[in-house]
Amino acid sequence: MILAIDVGNTRIKAAVFEQNTLLEIFIFQKENFSKELEFILKQFPKITKIAVASVGDVEKIDFLAFEKEIEIVFIDHKSKFPFKNHYKTPTTLGIDRMVLTTGAVLQFPKKNRLVIDAGTCVTYDYVDENDNYLGGAISPGIRLRYESL
């Protein structure tokens with residue numbers, strides 16, 4: 001079993017997978033991180049690995065408190081991805097966007113893909129049928145747009 005964790009700008013999202021099957025999703029505030037992670041690990045004692053993608057401000061050290069119990073993998077720009085990143089400044093492309101693009105590439109092989117994520121910000125990312133990441137855009141999210149009106 002794998003626990004995938006996305007540390008976002010506003011919240012933390014976590015999902016438990018067994019092979020390719022999604023078992024459960026958790027969404028919680030950053031200040032509850034340790035307590036929530038302990039709860040998830042107790043609920044699913046067969047978790048053997050945690051994969052972390054972070055654009056938020058939860059520190060690596062907060063995860064490392066669990067390192068004795070479980071393997072932790074941090075996804076970063078040096079990680080291997082199933083697409084060629086042709087972004088003009090590749091190390092500035094958010095890990096969250098790279099992980100979502102990876103999902104699209106794996107789920108829909110050999111197709112043109114437009115990945116849209118509506119969170120704190122709305123992001124758009126494009127990968128062609130040959131798995132070339134060609135760019136995207138980022139704009140204010142729904143709440144930010146509403147508040148600006």
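Below, the figures for the structure above:
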| quantity | calculated |
| --- | --- |
| Summed side-chain charge close to Ile75 - residues other than Ile75 whose Cβ falls under 13 Å, Lys, Arg +1, Asp, Glu -1 | +2 |
| Whole-Hz couplings from phi, Karplus 6.51/-1.76/1.60, listed for the stretch 103-109; x for Gly and Pro | x, 5, 5, 6, 6, 10, x |
| Dipole in debye (nearest 20) - the stretch 77-149, about Cα centre, beta carbon charges: Lys, Arg +1; Asp, Glu -1 | 160 |
| The chain: angle of helix 33-43 to the longest principal axis, Cα-based, in degrees nearest 10 | 70 |
| Centre separation in Å (Cα based) which lies between the stretch 105-128 and the stretch 7-54 | 23 |
| Placed amide H near Gly135: partners under 5 Å, 5+ positions off or other chain | Tyr126 |
| 3J(HN,Hα) from dihedral phi, the stretch 47-57, Karplus parametrisation 6.51/-1.76/1.60, rounded to Hz, x for glycine, proline | 5, 10, 8, 10, 10, 10, 10, 9, 10, x, 9 |
| Charged-residue dipole, Cβ positions (Lys, Arg, Asp, Glu), the stretch 1-125 about Cα centre, Debye nearest 20 | 620 |
| J(HN,Hα) series, the stretch 75-90, from Karplus relation 6.51 cos²θ - 1.76 cosθ + 1.60, nearest Hz, glycine and proline x | 7, 9, 5, 8, 5, 7, 10, x, 8, 8, 8, 9, 4, 4, 10, x |
| The stretch 1-111, accessible area per residue, ligands and nucleic acids excluded (1.4 Å, Å²) | 65 |
| Relative contact order for the chain, counting Cα pairs under 8 Å that sit 6 or more residues apart, in percent | 17 |
| Most mobile listed residue (Ile25, Ile50, Ile12) in the chain, GNM with C-alpha springs under 10 Å | Ile25 |
| Whole-percent carbon and sulfur share, accessible surface of the stretch 1-131, 1.4 Å | 52 |
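The values are calculated or read from the model by the stated rules, or taken from the named source; none is laboratory data. All of these numbers come straight from a predicted model, not from anything done at the bench. Glycine gets a Cβ as well: all are built from the backbone with ideal geometry, and neighbour counts include every protein chain shown. In case anyone asks, the SASA skips ligands and DNA or RNA and just uses the protein heavy atoms, side chains included. Shrake-Rupley method; radii C 1.70, N 1.55, O 1.52, S 1.80 Å.
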